[in-house]
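*Asks:* Just dropping this structure here.
The values are calculated or read from the model by the stated rules, or taken from the named source; none is laboratory data. These numbers were taken from a predicted model, which means no experiment stands behind them. FYI the Cβ positions are ideal-geometry reconstructions off the backbone, even for glycines, and counts take in every protein chain you see. For the accessible areas, the whole protein counts, side chains as well, though only heavy atoms, and no ligand, DNA or RNA atoms are used. Shrake-Rupley method; radii C 1.70, N 1.55, O 1.52, S 1.80 Å.
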Amino acid sequence: MKQPRPFPHLTSPLDVGPLTLRNRLVMGSMHSGLEDHAKDIPKLAAYLGRRAEGGTGLLVTGGYAPNIEGWLLPAGSTMATARTADNHRAVTDAVHEHGSHIVLQLLHSGRYGYHPLVRSADSSKSPISPFKARRMAGWDIKRTIGAYVRAAKLAKRAGYDGIEIMGSEGYLLNQFLAERTNHRSDNWGGSAEKRMTLPVEVVRRIREAVGPDFLLQYRISLIDLVEGGQTWSETTDLAHRLVDAGVDIFNTGIGWHEARVPTIVTSVPRAAFADLSKRLKQEVDIPVCASNRINDPNTAEDLLANGSADLVSMARPLLADPDFLNKSAAGRSDEINTCIGCNQACLDHTFKNKRATCLVNPKAAYETELLPTPRWITGSRSIAVVGAGVAGLSYAETAAERGHNVEIFESKDAIGGQFLLAAKVPGKEDYAETLRYFQRRMEVLGVKVHLGVDADVGKLLESFDHVEVASGVTPRIPEIEGINHPKVVLYDELLSGARTAGERVAVMGAGGIGVDVSEFLTREPNMSIEEWKKVWGIGDPAEHRGGLTDPVDEDSGREVHLLQRKDTPIGKGLGKTTGWVHRAELKKAGVIKHIGVTYRKIDDAGLHITEDGVEKILDVDTIVVCTGQESNLTSLGDVPRDHPRISVVGGADVAAELDAKRAIRQSVEDALVV
């Protein structure tokens, strides 16, 4: 009997405008940083070509401005000259070579631009740029429309199959659409209908210029999540007008970048906004693509099967695993390296003007650079890896892929190290997916994993050609009187379930781990979409303008004190795109913050501190120690770090809080040359 095809909806073809896509997976736009310089075109071609090779049906480039006022950054990515278009042939050829289609995203930043030339519907300043925008005059708007048309024609010259017009996330067209940023009273504002004039005119003029055989995709904002945003009736009215003007397909966007509601971080439930794409799909007769926090084929298949969308957009998941579609189609979805929504190496890099890559896959956007030393140089080796945290697992995977014989020795009874603990934190449940991936990857590659084994590096050198030490970290225990009191719990003891906390808790240390522990103590795990939306004040845009309503604070019933010796704001060192979410979570949960604290002692009365020059006693049941980490290297005895057949990576090399990004990349780089 013939077996059913895995993920039949996800893998089925679809006619979209003039194109027939080979499947329903879209690589959504994500600015990698390779778009900004002509010298990086070969790297960009390799990066996007790799995702096409992995089976993705339609790819969308990072955003390209139609003119210099629309730059995201000074001298940033622009599609404005024939020379630029001709250079892009390398990109389109690389994608077409593998049977995929690709569209160029046209993005005018409006008041989000990080340069002094910014223009918008009105003179205003966004909270994410230091530059105040100038109000666009009527002639300036018409000139900008012409720039969009020119860019679309150049994209066609470059071999793109179409364009995506960025009309969401709070960029220029979205700024014209919203009451929040458009206070005009001319032909380009003053009413909801007039606020729609610019995006509709851009689409109409582009369709006239490029003809019917060029895909016109529009990324429409389904919910703005800002005060003064659009209503649902305005969104659907806009959608109908855009279809009449020539749009072939709607990709969907959720929230503005300045919104104080998270939309893509790991704590956002999977497919949290798919109900809105389903509602749009019921309104229009062209394909609709769902987006935001869709990172696994099962969720994608369900959305397609239940009519929530015709296609599914993923950006970060295709950084994590370029072979996402091919693995799904081959019945190997358990081998997908899942995006965990951490943002540490992708969006955080983008907002720091660094090249975007991926924490769990550092080869992303480095396809032409992170290359292995040829095997004829290194030969085949037997390698022992000490430690099965993400550093050791990443090293083992890369080394085994190169044909080396690899075995892992782990003292604990499970793989994962610090990642295993992180997965216990509410909102970080997806971290377990990385360990699921590595568990399966070791099986596929034939890597033997020895658990519950205390490795002896000296003895391993007798049996193996090389020993890679990735023994990880251990909690740093401060020298404070009473640190061995029964009330004291180490963070790893708490997160692992070996110890529990009482109703009144003091968390010593407010770095990333201290914040995680505070959330562990105050949040419910695996929150449903409905519960999560209530907590963040996300309402129906048909009832609440912009989709905002009053948030409901969480009440854990616990009194949690989060203490920090530094006098800087708590959470300042967290990720740029995720730190504000964690700070908001702490506030919602009523966590009591203490900065500039001196720890004096611990006894039956609680934690004795000095704060603002005043001695205090925190009457708590439990004191959780989150005061940093130390390398676990010393637990292995005397490891000669200068030995030619020994390497030390990850936390064993440099102990630093929540530093999986560095640990994984270092391990992969090490394994590529061994």
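*Asks:* If you check D334, D321, which single one turns out to be open to solvent by 20 Å² or more (accessible area, probe 1.4 Å) and of a type outside the set (K, R)?
*Replies:* Testing whether each residue is open to solvent by 20 Å² or more (accessible area, probe 1.4 Å) and of a type outside the set (K, R) leaves just D334.
*Asks:* Considering segment 291-337 alone, what residues qualify as being small (G, A, S) and not in a helix (DSSP H, G or I)?
*Replies:* S291, G307, S308, A309, S313, A315, A330, G331 - these are the residues of segment 291-337 that are small (G, A, S) and not in a helix (DSSP H, G or I).
*Asks:* So, one more: Of the numbered conditions (1) out of contact with any Phe, Trp or Tyr (no Cβ under 9 Å at 6 or more places or on another chain); (2) closer than 20 Å to L222 by Cβ; (3) surrounded by 17 or more Cβ atoms within 10 Å (Cβ to Cβ), G512 fails exactly one; give the number of that condition.
*Replies:* (2)
*Asks:* Given the structure, is G170 within 30 Å of G55 (Cα to Cα), in contact with a strand residue (DSSP E or B) (Cβ under 9 Å, 6 or more places away or on another chain) and modelled with pLDDT of 95 or more?
*Replies:* When the stated conditions are applied, G170 does not pass them.
Okay, residues lined up against (1) in contact with a helix residue (DSSP H, G or I) (Cβ under 8 Å, 6 or more places away or on another chain); (2) among the hydroxyl-bearing types (S, T, Y); (3) closer than 29 Å to V265 by Cβ; (4) open to solvent by less than 70 Å² (accessible area, probe 1.4 Å):
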residue	(1), (2), (3), (4)
W580	no, no, yes, yes
I592	no, no, yes, yes
T598	no, yes, no, no
V614	no, no, no, no
V620	no, no, no, yes
V625	yes, no, yes, yes
P640	no, no, no, yes
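*Asks:* If only one of A137, A147, A158 is free of Cβ contacts under 8 Å to residues at least 12 places away in the same chain, of a type outside the set (D, E, K, R) and surrounded by fewer than 24 Cβ atoms within 10 Å (Cβ to Cβ), which one is it?
*Replies:* Criteria check complete, one pass: A137.
*Asks:* With respect to K572, is the statement that it is over 21 Å from W256 (Cβ atoms), touching a helix residue (DSSP H, G or I) at 6+ places or on another chain (Cβ under 8 Å), surrounded by fewer than 22 Cβ atoms within 10 Å (Cβ to Cβ) and basic (K, R) true?
*Replies:* Yes; evaluated as a whole, the condition is true for this residue.
*Asks:* Further, regarding this structure: Of (1) modelled with pLDDT under 95; (2) within 21 Å of D659 (Cα to Cα); (3) surrounded by fewer than 20 Cβ atoms within 10 Å (Cβ to Cβ), T350 satisfies all except one. Which?
*Replies:* (3)
*Asks:* How many of the residues making up segment 425-463 are within 18 Å of R381 (Cβ to Cβ) and basic (K, R)?
*Replies:* So the count comes out to 2.
*Asks:* So, one more: In segment 621-656, which residues are modelled with pLDDT under 90 and in a helix (DSSP H, G or I)?
*Replies:* Within segment 621-656, L633, T634, S635, L636 qualify.
*Asks:* Need a quick list: strands (runs of 3 or more DSSP E) entirely within segment 10-67 having at least 3 residues that are in contact (Cβ under 8 Å) with a residue 40 or more places away in the chain.
*Replies:* 25-27, 58-64
*Asks:* Looking at segment 68-102, which of its residues are open to solvent by 30 Å² or more (accessible area, probe 1.4 Å) and either in a loop (DSSP other than H, G, I, E, B) or on the phi > 0 side of the Ramachandran plot (or both)?
*Replies:* Matches in segment 68-102: W71, L72, L73, P74, A75, A80, T81, E97, H98, G99.
*Asks:* Looking for something of a type in the set (D, E) and over 30 Å from the mean Cα position of the chain (by Cα) - is there at least one such residue anywhere in segment 442-450?
*Replies:* No, the conditions are met nowhere in segment 442-450.
*Asks:* Note down all Cβ pairs under 9 Å where the first residue falls in segment 440-451 and is farther than 17 Å from G331 by Cα, the second is open to solvent by 50 Å² or more (accessible area, probe 1.4 Å) and among the β-branched types (V, I, T), and they're at least six residues apart or on different chains.
*Replies:* Taking only residues 6 or more apart or on different chains, the pairs are M442/V449.
*Asks:* Turning to a different aspect of this structure: Might you let me know whether segment 362-372 holds any residue that is part of a loop (DSSP other than H, G, I, E, B), open to solvent by less than 20 Å² (accessible area, probe 1.4 Å) and farther than 21 Å from V648 by Cβ?
*Replies:* Yes, there is a match, as at least one residue in segment 362-372 is part of a loop (DSSP other than H, G, I, E, B), open to solvent by less than 20 Å² (accessible area, probe 1.4 Å) and farther than 21 Å from V648 by Cβ.
*Asks:* Another question, if that's okay. Go through A65, A46 for me and flag whichever is closer than 27 Å to V312 by Cα and open to solvent by 10 Å² or more (accessible area, probe 1.4 Å).
*Replies:* A46
*Asks:* May I pose another question? Scan the helices (runs of 4 or more DSSP H) fully inside segment 473-574 and keep the ones with 1 or more residues being of a type outside the set (G, A, S), within 27 Å of the chain's Cα centre (by Cα) and more than 28 Å from G651 (Cβ to Cβ).
*Replies:* 529-536
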